[in-house]
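Presented below is the structure to which this report refers.
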Amino acid sequence: MNLDSKVPSGPLEEKWSNYLRDIKLVSPNNKRKHKIIVVGTGLAGASAAASLAELGYNVETFCIQDSARRAHSIAAQGGINAAKNYQNDGDSVWRLFYDTIKGGDYRSREANVYRLAENSNNIIDQAVAQGVPFGREYGGLLDNRSFGGAQVSRTFYSRGQTGQQLLLGAYQAMMRMVDAGKIKDNPRHEMLDLVVVDGKARGIITRNLIDGTINRFEADAVVLCTGGYGNVFYLSTNAKNSNVTAAWRCHKRGAAFANPCFVQIHPTCIPVSGDYQSKLTLMSESLRNDGRVWVPRKKGDDRHPNDIPEEERFYYLEERYPSFGNLVPRDVASRNAKMVTDDGLGVGDTGLAVYLDFRDAIKRDGEDAIRARYGNLFDMYQNITDENPYKQPMKIFPAVHYTMGGLWVDYNLMSNIPGLFVAGEANFSDHGANRLGASALMQGLSDGYFIIPYTIGNYIADADLEEVSTEHKSFGEAASASQKQLDKLLSVKGDKTVIEFHRELGKIMWDSVGISRSKEGLENAIEKIRALREEFWQNVRVPGEANYYNKYLEFAARVADFFELAELMAIDALDRDESCGCHLRDEFQTEEGEALRNDEEYSFVSAWEYLGVNGKLETKLHKEDLEFEFVELKQRSYK
Amino acid sequence: MTINLKIWRQKNTADKGGFQEYKLNDVNEHMSFLEMLDVLNEHLIKEGKEPVEFDYDCREGICGSCNMVINGRAHGPKRLTAACQLHMRNYNDGDTIVIEPPRAAAFPVIKDLVVDRSAFDRIIGAGGYVSVRTGSAPEANLIPVEQETANTAFDYATCIGCGACVAACPNSSASLFTAAKLSHLNRLPQGKPERKKRTIAMVEQMEKEGFGDCSNYAECEAVCPVGISIASIAEMRKSYVKAVF
Ligand SMILES: Cc1cc2nc3c(=O)[nH]c(=O)nc-3n(C[C@H](O)[C@H](O)[C@H](O)COP(=O)(O)OP(=O)(O)OC[C@H]3O[C@@H](n4cnc5c(N)ncnc54)[C@H](O)[C@@H]3O)c2cc1C
Ligand code: SF4
Ligand code: FES
């Protein structure tokens, strides 16, 4: 397996501009002759599709929802980073780059991250020009807020609906091109397989979710923007339809899957309350700008939080991390929440919660100011929990949120299958072992607006692309494999529902591949995953038929892929004998309980090759060594 | 608690469809409305019956997928609350709840509670954007926007495209949806140059899709989960008249 990162040589600051100077171009006349498939229309996909269509390519898009506007990106709350330095607080492209590399615990590629920081400013310009209504100051200029993991204020926001507004901007740009006839849009279509011809990605197989038909589409390149796989845990902050299927099927066709065990757990979510619960709701990290996190100092203190006096409150983040306080990065905040609840200091009925308290901020700035800043989040909290956060602290707990792992890509965002590009959360690049807040939106849009449109041109100009029709045998083979799998799922007719299996799988994952992991726990989890997967194929009950709208059949196929991915995640976590970012192995900690990296042996991207599933997942590890030319690797400290 | 359900079942667009009754005994007051339907579906699947199809994704009131008509009201009884954010604590033991798809000629039923709202996408495609090519945008702070203008534009920009306004309107008008987008873009400096063209194109597309006219019932505003104001419809009319004449 060839894992050439294709990072251009030269100084960090010049890599991307030199690359752009040297790439091959496709002439406008020829662009018209090329077709590009974009799967997924979240921030990454919609922005890529719009930009490619503006350039003149023929684009065909696919998504699961009934409209591109509803992709999971719509739910992002807090904001998007950029190195504009509008606050004059010393921000720069270098600093954004540095914070991101450090935040990722030095497990990402320098060149990719630097490019991301460079593109960040263009993203804000682009969005503002589209009419995205960002928060503004009295003078009419753009406002910023701060986010975890940074000491400058560089986060642009649209109240608590930043993802929504950015996605609507990209979606509108995309619909403009649909109207112009340059994009053919296929909502309610699920990609079920990748078609590889002569070693190159040349098309996809989809299921039309309305009539159940299996369809074939060919193209000169395929761009996968299908989001993350956090839903493997069943409960997560992700939208219910987020899944790994497209990426996993590409993996089965030869694309390497990188760093699968890097899963971000977000520290501020509404805690789990009962078995029926279908998902967890995130409370934006920006709340930690004003909210103070604490638990009672005494075990089992069941007084109402408002009755617990100051000296009996344990503000554990402020005490342990005086310079970052409540704004430590997510991995640190999540792990500390787990530590205090493991110590028996948790609050609420389940003991699996900590307080996020606005009392002092309300005293300082007044209720109106807090309402103006976070009103919609407070309403949402009250609506779900039936408690008023203006009057008493919120209860929060960590939940699975974002996956840094994904398909391996080189500097061009191309996977190891030529012609298969991967953008946004679906790829592994840029965030290393942990993602700082407000950087996923940035990455999705950087990939979609400002990277893919160039790197695809470079590929197409060079690639020897023969005419391929959907009658080609590779299309036939992939289409019938997809059909067979659906038929098989329907034929089991067992007694356990898909949701029951998914919930059980999620519990194994949360317990053993969650906030912290251990050798023993992971080995155990692998056995359990295998056993449950076997049972799934013997005993799942999928209702209805394949030839019409059938949501539970869709779920069944996605959960089948989650079962295989889950095993790979545990294998990857077990292989990495170190702690880094969100990947905390109990065996590898500093005396103070911080993640202890092993740069000598684990400064690499783990890229897994799929070899088959036969009772167990057969897989092979390849390593892309990470080289740090420009930053010095340090123990990450937020003290 | 026990909840009695009367749910619209329809196999496909061609099927006539009708109500079916169900009784659900294990409803917890903390469940969301959609979680209650998930539980119903788990029971139906175990009984070898076909589950009820309904649309959802975010379950946080932001994606706009989950619009359904609950006891005659789009998104159910609570103001400013999407169906997915509604909780069973709003109901009492023994209540009967009637659930139907949002009905409008321009929103054909796909199955049960799932409808086709692609007409909304075509209205956006007709003009609901600012024409700016990727990479050609000026420095963001070159165009200051008065805070009040930015805030009002934002209020209109939060439309989640759910279609409750259409379902609630006796004329099945898409005016609130279309006007929200116009009120967002037309008032910003970025959106001004295309204002006339946008207004005419979107209004005409809305008519082409078979949505009805607005005759000021204001039912749309009452059900809108994000509180889009009907003031936008007045703005739309004014802009349209100004643009055409
Ligand atoms: C609640 C929440 C809040 C967040 N807040 C922030 C924030 O404040 N700042 C920030 O930077 N990040 C935030 N994030 C993270 C960020 O929203 C996501 O990482 C990002 O939006 C992912 O974008 P994407 O384009 O890669 O994928 P998505 O938006 O997930 O889009 C995936 C697309 O792929 C399609 N798709 C998936 N599978 C298939 C298939 N098999 N066939 C066809 N189509 C398919 C879907 O239909 C969809 O269109 C948040 C995430 C959550 C859950
Ligand atoms: S205006 Fe309100 S009701 Fe209508 S689509 Fe938008 S959010 Fe839904
Ligand atoms: S499911 Fe997204 S708005 Fe209800």
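The values are calculated or read from the model by the stated rules, or taken from the named source; none is laboratory data. Quick caveat, the model's predicted, so the values are computed rather than measured. Cβ coordinates were reconstructed from backbone atoms using ideal geometry, including for glycine residues, and neighbour counts include every protein chain displayed. We work out accessible area using only protein heavy atoms, side chains counted, and drop any ligands, DNA or RNA first. Shrake-Rupley method; radii C 1.70, N 1.55, O 1.52, S 1.80 Å.
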Pairwise burial A:B, computed as accessible area of each alone minus the pair, summed, 1.4 Å, Å²: 6300 Å²
Chain B: most fluctuating residue of B:SER175, B:SER131, B:SER118 per GNM, C-alpha cutoff 10 Å: B:SER131
Relative contact order, percent, chain A [alpha-carbon distance under 8 Å, six or more residues apart]: 20 percent
Angle in degrees between helix A:452-462 and the longest Cα principal axis of chain A, rounded to the nearest 10: 30 degrees
Translational D in µm²/s for segment A:265-400 (Stokes-Einstein at 10 °C, 1.306 mPa s, Kirkwood Rh from C-alpha pairs): 106 µm²/s
Part-to-part distance (alpha-carbon centres) for segment A:1-58 and segment A:62-80, which is given in Å: 23 Å
Gaussian network model of chain B, springs between alpha carbon atoms under 10 Å - residue of B:PHE154, B:PHE107, B:PHE54 with greatest fluctuation: B:PHE154
All-pairs alpha carbon distance profile, the protein assembly as shown, 20 Å steps from 0, percent: 15, 51, 32, 2
Gap separating the Cα centres of segment A:326-402 and segment A:181-257, nearest whole Å: 36 Å
Helix B:118-127 axis, angle to chain B major axis (alpha carbon atoms, nearest 10°): 10 degrees
Peptide-level mean, for B:119-131, of C-beta atoms on other protein chains within 10 Å: 6
Whichever lysines have a C-alpha closer than 30 Å to that of A:LYS6, once near sequence neighbours (fewer than 8 apart) are set aside: A:LYS15, A:LYS24, A:LYS31, A:LYS33, A:LYS35, A:LYS84, A:LYS102, A:LYS200, A:LYS252, A:LYS620, A:LYS623, A:LYS634
Karplus-derived 3J(HN,Hα), 6.51/-1.76/1.60, for each residue of segment A:249-265, Hz, glycine and proline x: 5, 5, 4, 5, 8, x, 6, 5, 9, 9, 6, x, 7, 7, 10, 7, 9
Shielding by other protein chains, B:47-57, mean Cβ within 10 Å: 5
For segment B:3-111, alpha-carbon Rg over 2.2 N^0.38 Å: 1.03
Long-range amide H partners of A:VAL38 with built H, under 5 Å: A:GLU60, A:THR61, A:PHE62, A:VAL223
Most to least packed among A:425-435, A:538-548 [average Cβ atoms within 10 Å]: A:425-435, A:538-548
In order through segment A:602-618: 3J(HN,Hα) via Karplus (6.51 cos²θ - 1.76 cosθ + 1.60), integer Hz, x for Gly, Pro: 10, 7, 8, 8, 8, 10, 9, 9, 7, 10, x, 10, 9, x, 10, 7, 8
Members of A:LYS279/B:LYS181; B:LYS16/B:LYS49; A:LYS484/A:LYS616; A:LYS528/B:LYS46; A:LYS473/A:LYS528; A:LYS496/B:LYS23 lying beyond 27 Å, as alpha-carbon distances in this model show: A:LYS279/B:LYS181; A:LYS473/A:LYS528
Whole-angstrom gap from segment A:581-632 to segment B:131-161, using each part's C-alpha centre: 42 Å
Low-density loop positions, chymotrypsin sites (Phe, Trp or Tyr not before Pro), segment A:47-140 - DSSP coil, at most 13 other Cβ in 10 Å: A:TYR138
1.4 Å probe accessible area per residue over chain A, in Å²: 33 Å²
Tilt relative to chain B, helix B:147-157 - C-alpha long axis, 0 to 90 degrees, to 10: 40 degrees
The protein assembly as shown, accessible surface, carbon-and-sulfur percent (1.4 angstrom probe): 47 percent
Per residue solvent-accessible surface (Å²) - segment B:3-111, probe of 1.4 Å: 39 Å²
Rounded to whole Hz, the Karplus (6.51, -1.76, 1.60) HN-Hα couplings of segment A:549-559, x for glycine and proline: 4, 8, 4, 6, 5, 4, 4, 4, 5, 6, 5
Helix-only CD estimate at 222 nm, as mean residue ellipticity for the protein assembly as shown, using -39500 (n - 2.57) per DSSP H run (n ≥ 4): -11000 deg cm²/dmol
For B:VAL98, residues with placed amide H under 5 Å, excluding near neighbours: B:LYS6, B:ASN71
For A:LEU192, distant residues with modelled amide H under 5 Å away: A:ILE205, A:THR206, A:ARG207
10 Å-binned pair-distance histogram of segment A:492-604 (Cα, whole percent): 14, 37, 25, 15, 8, 1
Ranked by how many other beta carbons lie within 10 Å on average, peptides B:155-162, A:572-579 from highest: B:155-162, A:572-579
Test item: A:486-498 mean partner chain Cβ contacts at 10 Å: 1
Cα gyration tensor, segment B:1-65 - rounded (a/c under 1.5), prolate or oblate: oblate
1.4 Å probe, heavy atoms, protein only - residues of segment A:539-579 losing at least 20 Å² accessible area vs chain alone: A:ARG541, A:PRO543, A:TYR548, A:TYR549, A:LYS551, A:TYR552
